[in-house]
Amino acid sequence: MPAAIIIPTYNESDNIERLITAILALPLEAQVIVVDDNSPDGTGARVDALATRDARVVCVHRPAKLGLGTAHIAGMRHAFTLNADPILTMDADFSHHPRYIPNLIAGLERHDVVIGSRYTAGGGMEGRDAKLRVVSWGANLFARTMLGLKATDCTAGFRAYRRAVLESIDLDSVFSNGYSFLIEMLFLCQARGWRVGEVPIIYQDRRAGTSKISRTEIYKATYTVLRLTWRRLRLAPSALRRSV
Ligand SMILES: Nc1nc2c(ncn2[C@@H]2O[C@H](COP(=O)(O)OP(=O)(O)O)[C@@H](O)[C@H]2O)c(=O)[nH]1
Ligand SMILES: [Mg+2]
């Protein structure tokens, strides 16, 4: 079965063709699924042009900027229709370098979910400004403490999931639509008893295009963690495994 690589995009026209070319050059059977939110810079049209030349590329078009989390879910649903396994997610801006994809997939031999992690031994971050580093570090500490998450990088969008993991989760019930979706998904995976592993990556800040993260995403992440904490406290651990 092919591996599906899901890439959410909003205004990534300076990155997307190079990234897809690099992924398709890897020694693996891959289906690239770009989920584009009607990017004004024409990212979607560029991917469509690639898709007409190469059947390993598809663009899922959405009418407007609907959030990183719902883009991941739209990509996952498309991956199901392609019978892909495993299913990976990554950013379009080379912060998640495609050279790590084989390591993430290899990690699935011992785990059910593998995170390309900045904070595990051997990982790191380059070029990110100090403020965003602090936000990332704080969000991870908060999520890990409140939710008992065992991974060190709970906010990373560079992940490989075994297909069965995603099939075990009711994607309709996921309430986070933005970046905090990543925390909620990890919570659901861990609560269901799936083995979560990490492989180190050096995260490099983007060179082309601009970041889409906003202050609102920080508030939303706080809400997500508090809502999941409430769910965790309300339910006994065994019940949690069944009902989340
Ligand atoms: N489809 C879609 N993609 C998004 C949205 N928000 C961010 N992205 C993409 O998600 C990835 C991560 O976003 P980025 O701006 O690099 O966030 P940062 O790395 O935290 O600064 C990039 O590929 C973005 O183009 C969205 O609302 N919809
Ligand atoms: Mg980025």
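Can you run phi through the Karplus equation (6.51, -1.76, 1.60; θ = phi - 60°) for the stretch 49-55 and list ³J(HN,Hα) in whole Hz, with x for Gly and Pro?
Each residue of the stretch 49-55 in turn: 4, 5, 5, 5, 8, 9, 5 Hz.
In a shell of Cβ-Cβ distance under 9 Å around MET125, excluding MET125 itself, what net charge do Lys and Arg (+1) and Asp and Glu (-1) give?
Numbers: positive: ARG118, ARG128, ARG133; negative: GLU126, ASP205.
The answer is +1.
With θ set to phi - 60°, apply the Karplus curve 6.51 cos²θ - 1.76 cosθ + 1.60 along the stretch 59-75 and write out the HN-Hα couplings as whole Hz, x wherever there is a Gly or Pro.
Each residue of the stretch 59-75 in turn: 10, 8, 9, 10, x, 7, 5, 10, x, 5, x, 5, 5, 4, 5, 4, x Hz.
Antiparallel versus total DSSP beta bridges in the chain: what percent is that, nearest 5?
Working: 6 of 29 bridges.
If I count the DSSP bridges inside the chain, around 20 percent turn out antiparallel.
Under 10 Å, Cα contacts only: if you run a Gaussian network model on the chain, which one of PHE187, PHE175, PHE94 comes out with the highest mean-square fluctuation?
Looking only at PHE187, PHE175, PHE94, the largest GNM fluctuation is found for PHE175.
Quick one: what are the phi-derived ³J(HN,Hα) couplings along the stretch 143-153, Karplus 6.51/-1.76/1.60 with θ = phi - 60°, whole Hz, x for glycine and proline?
5, 5, 5, 6, 9, x, 6, 8, 5, 8, 10
For ILE23, what charge total do you get from the other residues with a beta carbon under 12 Å from its beta carbon, if Lys and Arg give +1 and Asp and Glu give -1?
Details: positive: ARG18, ARG56, ARG99; negative: GLU17, GLU29, ASP54.
Counting the neighbours of ILE23, the net charge comes to 0.
Amide H neighbours of TYR203 under 5 Å, at least 5 residues apart or on other chains, H built in the peptide plane: list them.
GLY124, MET125, GLU126
What does the charge add up to near LYS220, with Lys and Arg as +1, Asp and Glu as -1, over the other residues with Cβ less than 14 Å from its Cβ?
Values: positive: LYS212, ARG215, ARG227; negative: GLU184, GLU217.
Value of the local net charge: +1.
How about the stretch 97-129: which trypsin sites (Lys or Arg not before Pro) there lie in a loop by DSSP and see at most 13 other Cβ atoms within 10 Å?
Numbers: sites: ARG99, ARG110, ARG118, ARG128; in loops: ARG110, ARG118, ARG128.
Listed in order of number, the matching sites are ARG110.
For the chain, set up a GNM with springs between Cα atoms under 10 Å and report which of ALA22, ALA139, ALA74 has the largest fluctuation.
ALA22
Leaving out same-chain residues fewer than 8 places away, which lysines sit with a Cα under 29 Å from that of LYS65?
LYS65 reaches LYS131, LYS212, LYS220.
Would you calculate, for the chain, the mean residue ellipticity at 222 nm contributed by helices, counting each DSSP H stretch of 4 or more residues as -39,500 (n - 2.57) and dividing by all residues, to the nearest 500? Could you put the intermediate results ahead of the total?
On the way: 9 runs with 102 residues, N = 244.
The helix contribution divided over the chain gives -13000 deg cm²/dmol.
List the longest stretch of the chain that has no exposed loop site; here a site is one of the GluC sites (Glu not before Pro) assigned by DSSP to anything other than H, G, I, E or B, with at most 11 other Cβ within 10 Å. Mind showing how you got there, number by number?
Details: sites that count: GLU29, GLU109.
By the stated rule (loop sites, at most 11 other Cβ atoms within 10 Å), 110-244.
Would you mind checking the tilt of helix 215-234 against the longest principal axis of the Cα atoms of the chain, expressed as 0 to 90 degrees and rounded to 10?
For helix 215-234, the angle is close to 40 degrees.
Express the Stokes-Einstein translational diffusion coefficient of the chain in µm² s⁻¹, to the nearest whole number, given a Kirkwood radius over alpha-carbon pairs, 25 °C and a viscosity of 0.890 mPa s. Walk me through the intermediate numbers first.
On the way: Rh = 18.0 Å.
Answer from the Stokes-Einstein relation: 136 µm²/s.
Here, each number is a calculation from the coordinates, and none is a lab measurement. As the structure is a computational prediction, the values presented were derived from the model and not from experiment. Positions of Cβ are backbone-derived with ideal geometry, glycine not excepted, and every protein chain shown enters the neighbour counts.
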